[in-house]
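These notes are about the structure you will find just below.
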C-alpha cells in the first residue's frame, strides 16, 4: 500500500512548492492529489486558461519523484459560470437555491452545467493526460456532500419526467405502479408529475423511491460524462472518486461500475461524533473512533467495484472542523488507521491535508503540517507507518468467510417509510457487521448480485426489495444464511408483495410475516437470561420454520428453517451477536471473542490486531502466530501483526 497526501499548491507561495514536495517524499509519501477545487485559478474568466501555475506545480511534484492524482474541479464551479448560468444551481427540498459561496452548488440534472463540467475535464485531460507524473484522475469531489444528491430545480423536474417515461412506458403503468388511485393522485401525462417535495403531508412512497433512483442515476450519469473524456484523452490512467462515510444517497455499486478505484474519505472521530452512536461509545472512543467505523467502510467500498479495487482518498490526521465536537486522535491512532487500511486491502491511503490552511472554511482542520510549516503530530506517525508498510510488504488477500449483503435501495426504502424512528437498513448492516467483528470474523460486504461461492455464512441484515440475482445465489448457496427483518417486504414499486413478506424469500425461509409492529423505547421483551431483548421492531410469523430464540414471554426473536435463520425483530447489537454466533458455529467458522475495543483482520498469512480502547488490551491466548510487529499486549492505539505458517 502506498501513502499519499492531498495538496493545494494554489493556497501557498510558489517559493515553497519544491520544499513541500521534497518533504513529502522524505516522509515516505509517493502520491499527491491536486486540482479538485481549482477551477477559478485554472480558468479565471470564460475561455481564458491560466495553466502556468499548475504546470509548475506538477513539475515540482514530478521532480521529487511523486505521482499525481489530478482532480476535475466540477465540485466548485466559479462565480462567473454561476452568473452566466444561474439556473445551474440546485434547489433544496424547500425550493431555496443552493447558492455560490462554498461548494457543490450545482444540479446534477442541468444539461448546461454537465457540458461545462465535461469541457473543463477535457481541457485538463488534454493538458496533463499524458504527463508521466499523472497516474490517475479523481472525478469531482464527494458526490452529494452537504445533502446535494437531490435537487428540486426545474432542470431536475424535466429530467425526472423523462426518466419516468423511460422506466414506466406509459402514464397508465406509472399510476398502477405507484397506486395513484389512492387519494385521487392519478396523472393524465408525465408532464403533470411534480417532484416529491412541498406536499402537504407524506408524499407517495413509490414516488419518493423512483425519485431516489432517478437522483442516483443522475449522479452516475454526471460522473460517466467526465470519465469518458478522461479515458479518451488520458488512456491507461486510473479513474476514481472519493465517496463518504455513512452516506447512502446514491448507489455506490452503480458508481463502482464506472471507476477503476473507488475511494472513500475516512474521518473516524468526526463520524463518531456526528452519527447515531450511543453516548457511552462516543465517550469511550472519542479519540479513536468506534472500532468498526473505518473497517466497515473499507469492506463496503471494496465490494463496490468489480475487482475489489479501493483506497482511502482522505484520511483524518488530527482534529477536524465540521463535527459538533472535534477532539484530537490518541497518539498512534493515525498510524493504526493507516495499517488497518492496509490490512483490508487498500491500494493507497492519502492524508487530508498536507498543511493546515489559515483562512476560509477549514481553518481548524488539521494537516500533516501546521500553518507555520512545522510538523503536526501526525507527520511522525506517517513516517513510522511508511517504514512499517515497507518492512511488511504486500498484505495479501483475506479469506472468504462471511458475506454481508447490503443494497443502497434498501436504505432508501427504510428511510422513506421507516415505520419506526431510526430503523435504517444501513445501520442494521453496521450493527450486524459489528457483531461479526466482535467474534473475530473477517467480513466482506457485497452487493445482492455478488457471487456467494466460497463463503460459509451469508448475512442479509435488511433488504426490503430482494433482487432476482440474490435469489439465484441463495438458491444454490450451501452455507448458513441469516436474514434480517423487513427483507422481502416490498416489491420494486414499493408495494407489499403478493402473498406478504418476505416475498420471494418465503419458501427459502419457510415462513410468512403476518403482522409487524414497531416498538417505542422501553417497550422490550427480554430473553429469560437477559442477554438480549426483542426491541424496536417485531414481526408475527406463520409457517413451518421453528422457533430458535424466544423471549421470556414467548415471543419468537429468531426462526430457523434448515440452514436458514430469520430475525423477526431488529438486529440490536446483543441479539445480532447471539444469533450470528450460533450461525458462525453451524457454518464451521472458528470465532475469537475479543476484548472490548479490539478488532482483527486476516490478510494472507498474517493476522492484524488493532486496539481502539483507551486502555491496554491483551490478545486472547487462542490467537496464535509469531509477532512480527508490535506486541501481544496492545497499548491504546496499539497494533500487533502475527504471522502464521499457513496462508
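One table, with the values for the structure above:
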read-out	value
Residue, farthest from residue 307 (Cα to Cα), within region 420-444, restricted to residues that are assigned to a loop (DSSP other than H, G, I, E, B) and touching a strand residue (DSSP E or B) at 6+ places or on another chain (Cβ under 7 Å)	420
Candidates 98, 114, 127, filtered to the one that is out of contact with any helix residue (DSSP H, G or I) (no Cβ under 9 Å at 6 or more places or on another chain) and either over 21 Å from residue 33 (Cβ atoms) or surrounded by fewer than 21 Cβ atoms within 10 Å (Cβ to Cβ) (or both)	98
Extreme residue, farthest from residue 552 (Cα to Cα), among residues of region 505-534 that are more than 33 Å from the chain's Cα centre (by Cα) and exposed (fewer than 15 other Cβ atoms within 10 Å of the Cβ)	514
Region 105-124 residues that are without any contact (Cβ under 8 Å) to a residue 60 or more places away in the chain, paired with ones that are not in a helix (DSSP H, G or I) (beta carbon under 6 Å, 6 or more apart)	105/89; 105/98; 106/77; 107/90; 107/151; 107/153; 112/85; 113/106
Residue 233 vs. criteria surrounded by 19 or more Cβ atoms within 10 Å (Cβ to Cβ) and either farther than 30 Å from residue 300 by Cβ or assigned by TED's automatic domain parsing to the domain that holds residue 408 (or both)	yes
Region 358-387, residues that are more than 27 Å from the chain's Cα centre (by Cα) and either at pLDDT below 95 or assigned to a helix (DSSP H, G or I) (or both)	358, 359, 360, 377, 380, 383, 384, 387
Residue that is surrounded by fewer than 24 Cβ atoms within 10 Å (Cβ to Cβ), touching a strand residue (DSSP E or B) at 6+ places or on another chain (Cβ under 7 Å) and either assigned to a loop (DSSP other than H, G, I, E, B) or in contact (Cβ under 8 Å) with a residue 24 or more places away in the chain (or both), where the choices are 353, 335	353
Out of 395, 378, 350, 374, sole residue that is within 30 Å of residue 279 (Cβ to Cβ) and not assigned by TED's automatic domain parsing to the domain that holds residue 432	378
Unmet requirement for residue 512, which otherwise passes all of (1) closer than 22 Å to residue 448 by Cβ; (2) without any contact (Cβ under 8 Å) to a residue 12 or more places away in the chain	(2)
Residues located in region 613-641, provided they are assigned to a loop (DSSP other than H, G, I, E, B) and touching a helix residue (DSSP H, G or I) at 6+ places or on another chain (Cβ under 8 Å)	613, 614, 637, 638
Any pair with Cβ under 8 angstrom, 6 or more apart, that starts in region 231-243 at a residue that is free of Cβ contacts under 8 Å to residues at least 40 places away in the same chain and ends at one that is in a strand (DSSP E or B)	231/239
Odd one out for residue 197 among (1) in a loop (DSSP other than H, G, I, E, B); (2) touching a helix residue (DSSP H, G or I) at 6+ places or on another chain (Cβ under 6 Å)	(2)
Some residue of region 583-596 being within 23 Å of residue 337 (Cβ to Cβ), assigned to a loop (DSSP other than H, G, I, E, B) and in contact with a strand residue (DSSP E or B) (Cβ under 6 Å, 6 or more places away or on another chain)	yes
Condition broken by residue 484, with the remaining ones in (1) in contact (Cβ under 8 Å) with a residue 60 or more places away in the chain; (2) more than 22 Å from the chain's Cα centre (by Cα) satisfied	(2)
Close pairs (6 angstrom Cβ cut-off, 6 or more residues apart or separate chains): in contact (Cβ under 8 Å) with a residue 24 or more places away in the chain in region 191-203, surrounded by 17 or more Cβ atoms within 10 Å (Cβ to Cβ) and assigned to a loop (DSSP other than H, G, I, E, B) anywhere	195/152; 197/152
Any hit, region 532-554, residues being free of Cβ contacts under 8 Å to residues at least 12 places away in the same chain, outside any loop (DSSP other than H, G, I, E, B) and either assigned by TED's automatic domain parsing to the domain that holds residue 429 or out of contact with any helix residue (DSSP H, G or I) (no Cβ under 9 Å at 6 or more places or on another chain) (or both)	no
Residue in region 600-612 that is outside any loop (DSSP other than H, G, I, E, B) and out of contact with any strand residue (DSSP E or B) (no Cβ under 7 Å at 6 or more places or on another chain) present	yes
Complete set of residues in region 263-280 that are without any contact (Cβ under 8 Å) to a residue 60 or more places away in the chain and either part of a helix (DSSP H, G or I) or touching a strand residue (DSSP E or B) at 6+ places or on another chain (Cβ under 6 Å) (or both)	264, 270, 271, 272, 273, 274, 279, 280
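Rundown of residues vs (1) at pLDDT 95 or above; (2) touching a helix residue (DSSP H, G or I) at 6+ places or on another chain (Cβ under 6 Å); (3) closer than 23 Å to residue 429 by Cβ, yes/no style:
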{"site": "213", "(1), (2), (3)": "yes, no, yes"}
{"site": "218", "(1), (2), (3)": "yes, no, no"}
{"site": "238", "(1), (2), (3)": "yes, no, no"}
{"site": "242", "(1), (2), (3)": "yes, no, yes"}
{"site": "291", "(1), (2), (3)": "yes, no, yes"}
{"site": "294", "(1), (2), (3)": "yes, yes, yes"}
{"site": "308", "(1), (2), (3)": "yes, yes, yes"}
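The values are calculated or read from the model by the stated rules, or taken from the named source; none is laboratory data. All values derive from a computational prediction rather than experimental measurement. Heads up, the Cβs are rebuilt from the backbone with ideal geometry, glycines too, and the neighbour counts pull from every protein chain shown.
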